[in-house]
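Enquirer: The structure's right below; bear with me while I get my questions together.
The values are calculated or read from the model by the stated rules, or taken from the named source; none is laboratory data. Remember, it's a predicted structure, so these values are computed and weren't measured experimentally. Cβ atoms come from the backbone with ideal geometry, glycine included; neighbour counts cover every protein chain shown.
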There are 2 protein chains.
Amino acid sequence: MKKFINAVDDVLVESLSGFAAAHADLVRLQLDPHYLCRAQKAQNKVAILSGGGSGHEPLHGGFVGYGMLDAACPGHVFTSPTPDQMLAAAEAVEAGRGVLFIVKNYAGDVMNFEMAAELLPFDHATVLTSDDVAVEDSTYTTGRRGVAGTLIVEKVVGSLAETGADLAACQALGEKVNRRTASMGVALSSCTVPAAGRPTFDIGPDELEMGVGIHGEPGRRREALRPADALVGDLLAALLEDLKPQPDSRALLLVNGFGGTPLMELYLLYHAAARWLAERGVAVERSLVGNYVTSLDMAGASLTLCLLDDEIRAHWDAPVHTPALRWGR
Amino acid sequence: MKKFINAVDDVLVESLSGFAAAHADLVRLQLDPHYLCRAQKAQNKVAILSGGGSGHEPLHGGFVGYGMLDAACPGHVFTSPTPDQMLAAAEAVEAGRGVLFIVKNYAGDVMNFEMAAELLPFDHATVLTSDDVAVEDSTYTTGRRGVAGTLIVEKVVGSLAETGADLAACQALGEKVNRRTASMGVALSSCTVPAAGRPTFDIGPDELEMGVGIHGEPGRRREALRPADALVGDLLAALLEDLKPQPDSRALLLVNGFGGTPLMELYLLYHAAARWLAERGVAVERSLVGNYVTSLDMAGASLTLCLLDDEIRAHWDAPVHTPALRWGR
């Protein structure tokens, strides 16, 4: 295993500590139990809280800040955070208007966030994200997996919360965005979990995993490597089959790298995807290209489409000020 | 070779086209000859122009925009751009105050920018960056290589240019930043150039290349893989030996990934580096962590230290509005 680490058991705390030190103007790290929250506690708004296994950076800690999350709970690599983390984070950031959990649909995360919710002394609600159209049920999931589309839910709901909207409105918008968002990914290599020390799965030099999950879970099938245009067409066809957009739909296109794929290739995928969509009457009105919801060092990428309406687009465009997404102020 | 590409000959134009489409609010792409410039031409300032081989994204195109570059000329992968690109870009962005070229010290880039400069009908000057302390002279270089510190030169000089400073002042500040900046990198894997189709160099499962160049050029020596803390200590010792900071120096610390290394590891390196520096009386006052000056899909990272003074720090903090760096407005 070739990674920049010291002891395997220290990877998470050392990485979180570096993250918090590098972004001390924006975030604060609390240890035992671990959570990241805004450096300045927000007042008089619904507290938006997410979390999940580590190894997907910048998700979720990179999205803590104005216009997005109030706190994020990092579990160990590819392992759910625990209810005590969520409770401590919620108590730190709740500001009199209740707490909304945004949770990717994996069995462990769902169970632990539910346990925390039962113990919360505040009004609370949960949005489960399930944007991965690749498979129903998977290694760690009953139902569809929540993947890169989760960051769109976090951005849009985070913006609404800043306006002073109530808990029910934040939950409703999050569920709307999730319904209108679909993702699918493809892996060219496996990731390597530090504690395992070897690749999660084997993949041949001419193979790819179509529909891979963000923990290296199996997707739809093992396929032959082929040109980017063909891959993009297959991914987008799956997304449109799920979303069934109206003619003249407008979309946000997210081209997300899994951590080991360079920007040069991600922009090439964006070029192919935008052309493919234009030929089918889907206008890409907003876009984001980069490594945002990663799988450690996996080479690969996912495409996410969110069908925009005026409300979602306005909240996407609204100012955000976090370590990993920053615009508008 | 497992990459998201179509035909090898089309990689550059497809990737540039995707980049320009995804950031149409900030940049505009011109083809034949190829360059990227700001979507809105700046007026009444020195035009800051850079460029170099592709494969280092987001350098340089990702730094085109307010507060940084006016234009960038992308060559083919790891190949210098040609003088006609630089001339066309300079003519497009010159605004009556002259043109400053910021050029990484590689023989091909230096030669081609010199040829362009001789033909330029404007006042012009050049800053050569040479921050890589690993080796004197290398595969493509006479003298030290210009690497990740180049982005600090581009940011700081770009900010000064926005104030209306003249060409000589911009050049002088660029040279000062270059003198106060040192970098060294380490590779865990090779990169794979698309046109070559196989890794640039072989490296064993327990080896690393200490002092690697950003094209996979040899560094100081092949060494055994070891913990991150030890690597960071070796890299920083080399930087301090070069910079010889005064006691109580203040620094900008850039932890730069080479494209195949995830954020989790980069933040772990940052944590190790900030601690090591604090123990030696160097205060990290500013920082940047991410994949900024990459080598295609190479796994690895470099550390860059820039010794701050009030002038450099103020220009680092000044607003910047580019695809890859954005803060302050």
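Enquirer: Need the failing condition index for residue A:323 against (1) within 11 Å of chain B (Cβ to nearest Cβ); (2) assigned to a strand (DSSP E or B), just the number.
Expert: The failed condition is (2).
Enquirer: Follow-up. Can you find even one residue in segment B:205-222 that is within 13 Å of chain A (Cβ to nearest Cβ), more than 24 Å from residue B:77 (Cα to Cα) and in a helix (DSSP H, G or I)?
Expert: No; the residues of segment B:205-222 include none that is within 13 Å of chain A (Cβ to nearest Cβ), more than 24 Å from residue B:77 (Cα to Cα) and in a helix (DSSP H, G or I).
Enquirer: If you check B:175, B:209, which single one turns out to be of a type outside the set (Val, Ile, Thr), out of contact with any Leu (no Cβ under 8 Å at 6 or more places or on another chain) and surrounded by fewer than 24 Cβ atoms within 10 Å (Cβ to Cβ)?
Expert: On the way: B:209 fails: surrounded by fewer than 24 Cβ atoms within 10 Å (Cβ to Cβ).
Going through B:175, B:209 in turn, the sole match is B:175.
Enquirer: Next question, about the same structure. Among the residues of segment B:253-264, is there at least one that is assigned by TED's automatic domain parsing to the domain that holds residue B:284, within 14 Å of residue B:299 (Cα to Cα) and part of a helix (DSSP H, G or I)?
Expert: Checked segment B:253-264: at least one residue is assigned by TED's automatic domain parsing to the domain that holds residue B:284, within 14 Å of residue B:299 (Cα to Cα) and part of a helix (DSSP H, G or I).
Enquirer: Being of a type in the set (Lys, Arg) and touching a strand residue (DSSP E or B) at 6+ places or on another chain (Cβ under 7 Å) is true for just one of B:280, B:275, B:250. Which residue is that?
Expert: Numbers: B:280 fails: touching a strand residue (DSSP E or B) at 6+ places or on another chain (Cβ under 7 Å); B:275 fails: touching a strand residue (DSSP E or B) at 6+ places or on another chain (Cβ under 7 Å).
One residue alone meets the criteria, B:250.
Enquirer: Using the structure shown, decide if residue B:227 is within 12 Å of chain A (Cβ to nearest Cβ), modelled with pLDDT under 95 and either touching a strand residue (DSSP E or B) at 6+ places or on another chain (Cβ under 6 Å) or within 29 Å of residue A:297 (Cα to Cα) (or both).
Expert: no
Enquirer: Give the residues of segment A:240-266 that are away from chain B (no Cβ under 14 Å) and not hydrophobic (A, V, I, L, M, F, W, C), sorted by residue number. Steps first, please.
Expert: The first filter runs over segment A:240-266 and keeps only residues away from chain B (no Cβ under 14 Å), leaving A:240-250.
A:241, A:242, A:244, A:245, A:246, A:247, A:248, A:249, A:250, listed by residue number.
Enquirer: Does segment A:235-249 hold any residues that are assigned to a loop (DSSP other than H, G, I, E, B) and in contact (Cβ under 8 Å) with a residue 12 or more places away in the chain, and which are they? Don't jump to the end; show me each part of the working.
Expert: Step one: filter segment A:235-249 for residues assigned to a loop (DSSP other than H, G, I, E, B), giving A:244-249.
A:245, A:247, A:248, A:249, listed by residue number.
Enquirer: Right, residue A:71: more than 13 Å from chain B (Cβ to nearest Cβ) and more than 12 Å from residue A:36 (Cβ to Cβ) or not?
Expert: no
Enquirer: Here's something else I'd like to know. Mind listing just one residue for me: the one in segment B:267-302 that is closer than 16 Å to residue B:187 by Cβ and more than 11 Å from chain A (Cβ to nearest Cβ) and, of those, nearest to the chain's Cα centre (by Cα)?
Expert: B:293
Enquirer: Return a yes/no flag: does segment B:34-51 have any residue that is in contact with a helix residue (DSSP H, G or I) (Cβ under 9 Å, 6 or more places away or on another chain), crowded, with 19+ Cβ neighbours inside 10 Å, touching a residue at least 40 places away in the same chain (Cβ under 8 Å) and part of a helix (DSSP H, G or I).
Expert: no
Enquirer: Within 28 Å of residue B:317 (Cα to Cα) and either among the basic types (Lys, Arg) or in contact with a helix residue (DSSP H, G or I) (Cβ under 6 Å, 6 or more places away or on another chain) (or both), is that true of residue B:127? Let's see the steps before the verdict.
Expert: Working: within 28 Å of residue B:317 (Cα to Cα): yes; either among the basic types (Lys, Arg) or in contact with a helix residue (DSSP H, G or I) (Cβ under 6 Å, 6 or more places away or on another chain) (or both): yes.
Spelling it out, residue B:127 is indeed within 28 Å of residue B:317 (Cα to Cα) and either among the basic types (Lys, Arg) or in contact with a helix residue (DSSP H, G or I) (Cβ under 6 Å, 6 or more places away or on another chain) (or both).
Enquirer: In addition: Starting from residues that are part of a loop (DSSP other than H, G, I, E, B) and at pLDDT 95 or above, keep the ones in segment A:281-296 and report whichever is surrounded by the most Cβ atoms within 10 Å (Cβ to Cβ).
Expert: Restricting to residues being part of a loop (DSSP other than H, G, I, E, B) and at pLDDT 95 or above, the top hit is A:295.
Enquirer: So, one more: Among the residues that make up segment B:75-93, is at least one of them part of a helix (DSSP H, G or I), of a type in the set (S, T, N, Q) and outside the structural domain of residue B:293 (by TED's automatic domain parsing)?
Expert: Of segment B:75-93, the ones part of a helix (DSSP H, G or I) are B:83-93.
Restricting the remaining residues to those that are of a type in the set (S, T, N, Q) gives B:85.
With the extra rule that they be outside the structural domain of residue B:293 (by TED's automatic domain parsing), the set shrinks to B:85.
Looking through segment B:75-93, at least one residue is part of a helix (DSSP H, G or I), of a type in the set (S, T, N, Q) and outside the structural domain of residue B:293 (by TED's automatic domain parsing).
Enquirer: OK, next. All but one of (1) within 24 Å of residue B:308 (Cα to Cα); (2) surrounded by fewer than 23 Cβ atoms within 10 Å (Cβ to Cβ) hold for residue B:225; state the number of the condition that does not hold.
Expert: (1)
Enquirer: I'd like to check something: does segment A:176-183 contain any residue that is closer than 26 Å to residue A:126 by Cβ and small (Gly, Ala, Ser)?
Expert: yes
Enquirer: Among what's in segment B:11-33 and is over 25 Å from residue B:87 (Cβ atoms) and at the interface with chain A (Cβ under 9 Å from one of its Cβ atoms), pick the residue that is surrounded by the fewest Cβ atoms within 10 Å (Cβ to Cβ).
Expert: Among those residues, the one meeting the criterion is B:21.
Enquirer: Restricting to segment A:35-66, give me the number of residues that are more than 18 Å from residue A:293 (Cα to Cα) and within 14 Å of chain B (Cβ to nearest Cβ).
Expert: 1
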